[in-house]
Amino acid sequence: MHIRWDEGAAATPHGQLVFFAEFLATTGVFERWVSSCPLEYRSGNAPDKRDVLGTLMLGLLAGHRRYAHITALRGDAVAAQALGMNKVVSEDALRRALERIDEAASTAWMRPALMHSVRQALDKPWVLDIDATIKPLYGRQEGAELGYNPAKPGRPSHVLHTFWVGNLRLVLDVQVNSGKQHTSVHAKAALGRLLDELGDKRPALVRGDSGYGNEGILLELESREQPYLLRLRQTANVQRLVAQQFARQDWSRADNQGCQMAEDWLQLHGWSKKRRVVIVRQRLRGGIARERRVDGKQLQLDLAGPSVLEGERLWEYAVMVTNVKYPLEAIGQLYRDRADCENGFDELKNQWGLSGFTTQDINRCQTTARACALVYNWWSWYCRTANPSARMEAITSRPLLLAAVGTVANHAGQTTLYLTPLHGKASMLKPLIANIRAALQHVKDTAEQFKVIDRWAVLLRYVSEKIAPTLGTFRPPDALPATG
């Protein structure tokens with residue numbers, strides 16, 4: 001092989017970005033996001049805010065986690081042209097630009113954009129999942145404090161309180177707090193504000209883990225008559241309740257996961273009233289191991305064999321508090337469905353830049369976290385448009401729907417982009433792109449009939465109808481009969 005450098009050729013490793021750019025342009029969401037950005041410059045030499053936000057979006061789509069990674073995109077003029085940008089700005093220009101947006105302006109800009117990316121798809125019953133995610137830090141950033149950090153104890157961190165559309169795997173909002181503000185009390189105000197903004201599109205159920213089963217969150221939900229299902233911490237009073245319930249003979253029949261359920265009413269210390277609680281238990285039938293350290297150093301694993309398990313029953317249990325009048329048998333499955341939500345959190349942290357793009361001030365961390373959630377929502381809708389029958393995570397969808405060698409050729413005033421996909425399933429691309437073009441054509445046809453219309457809302461309704469048969473949307477179980 002003879003090697004020659006061709007540094008002036010117009011080429012890109014993300015050739016299929018042109019289809020995503022058309023998706024954004026037809027629906028108008030990127031233009032709307034750019035035009036509402038509060039970024040302002042006075043210097044004539046300053047970059048255009050479209051270049052700044054386009055660079056940030058390109059970095060997020062490429063899977064970057066640090067501002068320094070933006071340098072890898074600087075020579076990609078083809079991607080910049082596809083998004084209508086003049087150029088890809090430098091990492092320093094991006095950092096300085098985001099620094100010019102204060103906290104209030106950033107919130108007023110990003111939160112409506114996130115809500116707009118999801119709202120029109122919330123006509124059918126859905127579940128709001130809430131969770132706190134730890135973002136470890138390695139410097140002296142604002143808010144880098146020692147708090148709850150199970151993965152890296154002793155490491156300063158930020159906490160990201162995330163509000164999630166469970167069945168669609170979309171983000172409604174992300175709130176960045178200091179490491180010590182990991183408890184639900186710091187998410188209570190944001191939760192109440194979000195429920196008020198949703199109005200008639202409020203969730204059929206709010207679901208959360210044991211960090212949210214406390215009086216403050218419960219009162220916030222009950223004051224709005226919002227149904228909820230929250231797990232309780234295993235405090236002494238909760239354990240006492242479990243001990244009393246295990247002697248009962250009226251446990252429900254085991255469901256398909258082997259779980260049995262019983263219910264009671266409980267008023268914990270600090271609660272203003274009694275509330276309905278559901279105890280879910282599942283028998284452990286083997287494969288049990290206990291890990292411990294001998295003399296504080298050597299790790300030892302004790303395996304419980306059949307002889308140990310024959311004479312005793314081992315149970316795993318959980319206690320949930322709820323105000324819904326669903327049948328007892330439905331409660332356990334409703335909470336187990338939250339496991340899919342955890343997959344979404346993992347995708348945002350490890351496949352996107354939600355826990356990256358860290359700066360000295362927490363305000364820019366907040367802005368980029370919400371920007372990451374917004375681009376994630378756009379890309380999720382794009383993948384759903386391409387493949388309505390199944391959801392695609394970034395680790396598989398970006399190599400398939402974004403990566404392709406693109407070479408530009410100009411002739412007679414016409415620009416042609418030649419794409420060379422390198423993916424092993426390249427034969428799937430044309431049908432997927434055809435699905436995207438069909439959806440965009442539907443948006444264009446509808447926009448021609450109605451001059452004043454939200455094109456993004458038209459797309460969401462179109463895609464929602466396509467994915468409804470395979471989505472497995474939340475169906476509220478039949479309510480319990482009223483008792484006299």
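Data overview
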| quantity | calculated |
| --- | --- |
| Only listed residue being outside the structural domain of residue 383 (by TED's automatic domain parsing) and either of a type in the set (Val, Ile, Thr) or under 20 Å from the mean Cα position of the chain (by Cα) (or both), chosen from 217, 130 | 217 |
| Qualifying residue in the stretch 69-84 (condition: closer than 30 Å to residue 199 by Cβ and touching a residue at least 60 places away in the same chain (Cβ under 8 Å)) | no |
| Selected residue (criterion: nearest to the chain's Cα centre (by Cα)) from residues of the stretch 411-428 that are in contact (Cβ under 8 Å) with a residue 40 or more places away in the chain and within 15 Å of residue 401 (Cα to Cα) | 421 |
| Single match in 157, 210, 178 (criterion: small (Gly, Ala, Ser), touching a Leu at 6+ places or on another chain (Cβ under 7 Å) and modelled with pLDDT of 90 or more) | 157 |
| Residue list for the stretch 108-124, restricted to those being over 18 Å from the mean Cα position of the chain (by Cα) and modelled with pLDDT of 90 or more | 108, 109 |
| Only listed residue being within 25 Å of residue 172 (Cα to Cα), assigned by TED's automatic domain parsing to the domain that holds residue 376 and in a helix (DSSP H, G or I), chosen from 108, 93, 68, 79 | 108 |
| Which listed residue, of 96, 169, 140, 100, is buried (at least 19 other Cβ atoms within 10 Å of the Cβ) and out of contact with any Pro (no Cβ under 6 Å at 6 or more places or on another chain) | 169 |
| Subset of the stretch 196-220 that is among the aliphatic types (A, V, I, L, M) and without any contact (Cβ under 8 Å) to a residue 60 or more places away in the chain - its residue that is surrounded by the fewest Cβ atoms within 10 Å (Cβ to Cβ) | 219 |
| Hey, residue 422 in the same structural domain as residue 22 (by TED's automatic domain parsing) and surrounded by 15 or more Cβ atoms within 10 Å (Cβ to Cβ) or not | no |
| Out of 356, 344, sole residue that is closer than 29 Å to residue 156 by Cβ and not in a helix (DSSP H, G or I) | 356 |
| Any hit, the stretch 375-393, residues being part of a loop (DSSP other than H, G, I, E, B) and either among the small types (Gly, Ala, Ser) or at positive phi (or both) | yes |
| Condition broken by residue 406, with the remaining ones in (1) out of contact with any strand residue (DSSP E or B) (no Cβ under 8 Å at 6 or more places or on another chain); (2) at pLDDT below 95; (3) of a type in the set (Gly, Ala, Ser) satisfied | (1) |
| Test: residue in the stretch 56-78 that is touching a Cys at 6+ places or on another chain (Cβ under 8 Å) and of a type in the set (Lys, Arg) | no |
| Single match in 159, 174 (criterion: under 21 Å from residue 116 (Cβ atoms), touching a residue at least 24 places away in the same chain (Cβ under 8 Å) and not hydroxyl-bearing (Ser, Thr, Tyr)) | 174 |
| Checking residue 431 against (1) in contact (Cβ under 8 Å) with a residue 12 or more places away in the chain; (2) assigned to a helix (DSSP H, G or I), the condition it does not meet | (1) |
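Let's see how each residue does on (1) small (Gly, Ala, Ser); (2) part of a loop (DSSP other than H, G, I, E, B):
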position: 115; (1), (2): no, no
position: 135; (1), (2): no, no
position: 141; (1), (2): no, yes
position: 148; (1), (2): no, yes
position: 151; (1), (2): yes, yes
position: 155; (1), (2): no, yes
position: 159; (1), (2): no, no
position: 163; (1), (2): no, no
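Residue-by-condition table, conditions (1) in the same structural domain as residue 159 (by TED's automatic domain parsing); (2) surrounded by 15 or more Cβ atoms within 10 Å (Cβ to Cβ); (3) closer than 30 Å to residue 264 by Cβ:
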{"residue": "314", "(1), (2), (3)": "no, no, yes"}
{"residue": "342", "(1), (2), (3)": "yes, no, yes"}
{"residue": "368", "(1), (2), (3)": "yes, yes, no"}
{"residue": "376", "(1), (2), (3)": "yes, yes, no"}
{"residue": "380", "(1), (2), (3)": "yes, yes, no"}
{"residue": "389", "(1), (2), (3)": "yes, no, no"}
{"residue": "397", "(1), (2), (3)": "yes, yes, no"}
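The values are calculated or read from the model by the stated rules, or taken from the named source; none is laboratory data. Computed from a prediction, not measured in an experiment: that's the story for all the values here. When we count neighbours, we look across all protein chains shown, and the Cβ atoms used for this are built from the backbone with ideal geometry, even at glycine.
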